[in-house]
Amino acid sequence: MGLKSLAIIVLFIFQAVHASADSTPLTIGLLPGGDPKEIEKQSFVFAEKLQAKLGKPVQIFISKNYDGLVEAIKAKKVDFAIFSALTYVIAEKQTPLKVLLKKTWDGPFYFSALIVRKESKIKSIKDLKNKNILFVDEKSTSGYLYPQIYLRKNKLTDASFKSVKFSGNHAASIDAMENRKADVAAVFADDEKSEGGAWNRFAKNKSVKYRTIWISEPIPNDPIVVRQDFYERNGKLTHEVMYDMIEVQNEAMEQSSLQEILGHGSLMPATQKQYDPVREMVSVFEKQLKL
């Protein structure tokens with residue numbers, strides 16, 4: 001993807017008001033993985049609150065897809081980014097990055113799940129042949145990589161299904177399941193018992209119930225990263241951004257006003273090493289999965 005197509009990826013750029021004397025904007029990139037409309041709405045709040053603490057203009061870049069954010073940080077259009085675990089591992093191969101924090105929901109990890117409607121005749125992976133399967137994005141950790149690895153270990157490839165489609169985000173996958181446009185969907189789960197996940201967070205039709213036919217091993221939560229070259233030039237500012245992000249999230253948690261962007265719980269310090277399990281999976285399966 002070249003720079004000429006980058007403008008197509010930039011769907012929204014928000015800049016909060018009351019800029020300080022330092023007018024160089026700080027740009028933070030987001031993925032469209034959850035509910036795009038809610039991410040857009042929360043971005044205004046996030047930018048305004050963070051800018052008020054920093055005394056510096058803040059812009060929010062919401063990519064059209066997962067590849068868009070990788071390309072943006074590589075092209076230095078974005079200073080900080082909130083990636084999925086897989087997208088981060090892919091991005092760091094193209095440009096040096098430093099992990100700062102990670103989001104949390106019910107804990108420091110989340111999960112991938114394959115879900116079906118409760119009344120579905122699909123009971124296990126053995127019943128998936130010739131069914132319509134829906135993924136999120138080829139760069140989605142829980143919405144593609146982890147379930148693909150599980151499926152391939154069980155000798156199920158794209159050819160095993162009646163159709164293989166991508167929704168673009170987890171909310172759209174749940175909408176498709178509610179409208180019977182897919183038989184099974186790969187989405188995130190909040191816990192290993194699959195008591196919560198995309199299916200209740202993005203449900204519009206509360207009468208539709210789901211079953212999980214598979215749940216993954218724990219996945220490290222979404223990392224918040226900074227470009228290494230930005231960090232080397234702006235170490236003090238980077239740490240200010242870290243601490244201010246933590247404060248902004250802690251202040252917003254009771255109202256859940258930023259959970260689509262920063263998660264449900266407090267932001268936690270994170271390191272590159274915590275994403276080694278994802279790197280190992282990518283190294284084994286990247287040729288098969290075309291990563």
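The values are calculated or read from the model by the stated rules, or taken from the named source; none is laboratory data. Just so you know, these numbers come straight off a predicted model, no measurement behind them. Quick reminder, even Gly has a Cβ in these numbers, built from the backbone with ideal geometry, and neighbours come from all protein chains shown.
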> Consider GLU260 against the criteria (1) modelled with pLDDT under 95; (2) surrounded by fewer than 20 Cβ atoms within 10 Å (Cβ to Cβ); (3) part of a helix (DSSP H, G or I): it satisfies all of them except one. Which criterion is unmet?
Replying inline: (2)
> Any residue in region 235-247 that is without any contact (Cβ under 8 Å) to a residue 40 or more places away in the chain and small (Gly, Ala, Ser)?
Replying inline: yes
> In region 127-138, which residues are part of a loop (DSSP other than H, G, I, E, B) and within 13 Å of VAL187 (Cα to Cα)?
Replying inline: VAL136, ASP137, GLU138
>> I'm told ASN221 meets every condition in (1) under 19 Å from ALA47 (Cα atoms); (2) in contact (Cβ under 8 Å) with a residue 40 or more places away in the chain; (3) not hydrophobic (A, V, I, L, M, F, W, C) except one. Can you identify the failing condition by its number?
In response: (1)
> Only one residue in LYS93, LYS74, LYS64, LYS56 is basic (Lys, Arg), more than 22 Å from MET268 (Cα to Cα) and touching an Asp or Glu at 6+ places or on another chain (Cβ under 7 Å), so which one is that?
Replying inline: LYS56
> Does region 252-279 hold any residues that are within 14 Å of PRO108 (Cβ to Cβ) and among the charged types (D, E, K, R), and which are they?
Replying inline: LYS273
> Are any residues in region 63-112 assigned to a loop (DSSP other than H, G, I, E, B) and of a type in the set (A, V, I, L, M), and if so, which ones?
Replying inline: ALA75, VAL78
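Filter region 224-234 down to the residues that are in contact (Cβ under 8 Å) with a residue 40 or more places away in the chain, surrounded by 16 or more Cβ atoms within 10 Å (Cβ to Cβ) and over 18 Å from GLN42 (Cα atoms) and list them by number.
Selection gives VAL225, VAL226, ARG227, PHE230, TYR231.
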> Among the candidates VAL282, VAL241, which residue alone is of a type outside the set (Lys, Arg), crowded, with 16+ Cβ neighbours inside 10 Å and at pLDDT below 90?
Replying inline: VAL282
>> Need pairs with beta-carbon distance below 9 Å; first residue within 17 Å of VAL208 (Cβ to Cβ) and within region 183-195, second among the basic types (Lys, Arg); sequence gap 6+ or separate chains.
In response: ASP183/ARG117; ASP183/LYS131; ASP183/LYS162; VAL184/LYS131; SER194/ARG211
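Matching residues to (1) over 17 Å from the mean Cα position of the chain (by Cα); (2) among the β-branched types (Val, Ile, Thr); (3) modelled with pLDDT of 95 or more; (4) surrounded by 24 or more Cβ atoms within 10 Å (Cβ to Cβ):
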| site | (1), (2), (3), (4) |
| --- | --- |
| LYS53 | yes, no, yes, no |
| LYS56 | yes, no, no, no |
| PHE61 | no, no, yes, yes |
| ASN65 | no, no, no, no |
| LYS74 | yes, no, yes, no |
| ILE90 | no, yes, no, no |
| LYS98 | yes, no, yes, no |
| PHE109 | no, no, no, no |
> assigned to a helix (DSSP H, G or I) and within 23 Å of VAL89 (Cα to Cα): does that describe LYS236?
Replying inline: no
>> I'd like to check something: does region 144-154 contain any residue that is in contact with a His (Cβ under 7 Å, 6 or more places away or on another chain) and crowded, with 20+ Cβ neighbours inside 10 Å?
In response: no
> Has region 71-87 got at least one residue that is under 24 Å from GLU195 (Cβ atoms), not hydroxyl-bearing (Ser, Thr, Tyr) and not assigned by TED's automatic domain parsing to the domain that holds HIS239?
Replying inline: no
> Are there any pairs with C-beta distances below 7 angstrom linking a residue in region 256-270 that is in contact (Cβ under 8 Å) with a residue 40 or more places away in the chain to a residue that is assigned to a loop (DSSP other than H, G, I, E, B) and among the hydrophobic types (A, V, I, L, M, F, W, C), with the two at least 6 apart or on different chains, and if so which?
Replying inline: GLY263/TRP105; HIS264/TRP105; GLY265/TRP105
